[in-house]
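Peer 1: Have a look at this one before I ask anything.
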Amino acid sequence: VERISKRTRTNELDVGEAAVELAANAQGAPEAEEARRHVGYYLIDDGLPQLEAKFRYQPGFTERLRRSLLRHATASYLGTISLLTILVLAFLVTATYVASANWILLVITAVLGLIPATDLALTVINWDATHFFSPRLLPRIATTNGVPENASAFVVVPTIFFSESQVTELVERLEVHFLANQDQRIYYALLSDFRDAEAEESPNDSQLLAVAQSGIDTLNQKHGEGRFHLFHRRRQWNPDENKWMGWERKRGKLEEFNRLLRGARDTSFVVRTADDALVKSIRYVITLDTDTQLPRDVARKLIGAAEHPLNRPRFDEATNRVVHGYGI
């Protein structure tokens, strides 16, 4: 608002009112274009040119260049790297030629110089990018008073059970995540498999599972019933690796968990402590590795960003892709 106001010598209030008016005029937009109904669409998103056009705003040269590069980000990035690499190689080959080298030595120089030239080009373009483009912060809704009712989330830790001490440590880490991110609509769970084996079941499987279930029960008794959960999968035969294992390991756990949240009944989870009502209420999943920290209130902030209308995914039926907003 301030930038447009200064460049066009317009009252800031008029600029702000114009953004609100554009959002109000878009209230009849279809659900797929929900972002157009939000005032931020015209301030920091694709609708900004519409707001600028109302005041005949003309960006300066640097601003036009920056916007052009962002519109063609991939081509600009890879093209600049290629150009810089060619320039460095041209310098090396020319220097070698001036030193009266034959064509064989010129070819060797070009081949050997390709990797360091590319590395130099990457270093230069990455340094330039971080100084030419300022960080763009994602908008997010305020979650200071808690996560919205329709935005419940599971914080999950995909893991493999190896030993009783390791399982106990996993449960303790889950409690640490909870203590730093307490909210009545955020739940915590271990997504677990047994380690790969030559048979479908191993002698210590039941003991490991008992330790995990006992730990989860203890956390629920300590911090409130239904806050912590365990989702454990059975081993399946993998003919390619010639062993029994959790299907597709970590990726498989997350894929099956998402299918479970969407109502699937044919997953390989044999232990599931969450009831159907809770499972159906979950909208978001925050995935952590076993050694990943979840700092204080970060879960709420992540959900607040995902919930913001400008960040919600827009799905293109024609290309079968998310073309705007977040994805998996």
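The values are calculated or read from the model by the stated rules, or taken from the named source; none is laboratory data. If you're wondering where the values come from, they're calculated on a predicted model, not measured in any experiment. Don't worry about glycine lacking a Cβ; one is built from the backbone with ideal geometry, like all the others, and counts go over all protein chains shown. Heads up: the accessible areas ignore ligands, DNA and RNA and are worked out on the full protein's heavy atoms, side chains in. Shrake-Rupley method; radii C 1.70, N 1.55, O 1.52, S 1.80 Å.
Peer 1: Could you list all residues from region 118-154 that are open to solvent by 40 Å² or more (accessible area, probe 1.4 Å), polar (S, T, N, Q) and either farther than 13 Å from Gly304 by Cβ or part of a helix (DSSP H, G or I) (or both)?
Peer 2: Passing the criteria: Thr118, Thr123, Asn126, Thr130, Ser134, Asn150.
Peer 1: Given the conditions (1) in a helix (DSSP H, G or I); (2) polar (S, T, N, Q); (3) open to solvent by 50 Å² or more (accessible area, probe 1.4 Å); (4) modelled with pLDDT under 95, and given that Gln58 satisfies all but one, which numbered condition is not satisfied?
Peer 2: Only one criterion in (1) in a helix (DSSP H, G or I); (2) polar (S, T, N, Q); (3) open to solvent by 50 Å² or more (accessible area, probe 1.4 Å); (4) modelled with pLDDT under 95 is unmet by Gln58, namely (1).
Peer 1: Restricted to region 311-327, and to residues that are under 15 Å from the mean Cα position of the chain (by Cα) and of a type in the set (A, V, I, L, M, F, W, C), which residue is nearest to Asp46 (Cα to Cα)?
Peer 2: Within region 311-327, the match that is nearest to Asp46 (Cα to Cα) is Val323.
Peer 1: Would you mind telling me which numbered condition in (1) open to solvent by less than 10 Å² (accessible area, probe 1.4 Å); (2) more than 30 Å from Ala142 (Cα to Cα); (3) outside any helix (DSSP H, G or I); (4) out of contact with any Lys or Arg (no Cβ under 6 Å at 6 or more places or on another chain) Ala189 fails?
Peer 2: Here Ala189 meets the rest and fails (2).
Peer 1: Within the set of pairs 6 or more residues apart or between chains, which connect a residue that is free of Cβ contacts under 8 Å to residues at least 12 places away in the same chain inside region 1-20 to a residue that is among the small types (Gly, Ala, Ser) and assigned to a helix (DSSP H, G or I) with Cβ atoms less than 6 Å apart?
Peer 2: Glu12/Ser5
Peer 1: Given (1) within 29 Å of the chain's Cα centre (by Cα); (2) in contact (Cβ under 8 Å) with a residue 24 or more places away in the chain; (3) within 30 Å of Thr123 (Cβ to Cβ), identify the lone condition not met by Ala73.
Peer 2: Among (1) within 29 Å of the chain's Cα centre (by Cα); (2) in contact (Cβ under 8 Å) with a residue 24 or more places away in the chain; (3) within 30 Å of Thr123 (Cβ to Cβ), the lone unmet condition for Ala73 is (2).
Peer 1: Here is a further query. Does region 209-219 include one or more residues that are aliphatic (A, V, I, L, M), open to solvent by less than 80 Å² (accessible area, probe 1.4 Å), farther than 30 Å from Gly304 by Cα and touching a helix residue (DSSP H, G or I) at 6+ places or on another chain (Cβ under 7 Å)?
Peer 2: yes
Peer 1: Does region 155-186 hold any residues that are open to solvent by less than 20 Å² (accessible area, probe 1.4 Å) and among the aromatic types (Phe, Trp, Tyr), and which are they?
Peer 2: Phe161, Phe178
Peer 1: Can I ask one more? Return the only residue of Arg195, Arg140 being basic (Lys, Arg) and in contact with a helix residue (DSSP H, G or I) (Cβ under 6 Å, 6 or more places away or on another chain).
Peer 2: Arg140 is the lone residue from the list that is basic (Lys, Arg) and in contact with a helix residue (DSSP H, G or I) (Cβ under 6 Å, 6 or more places away or on another chain).
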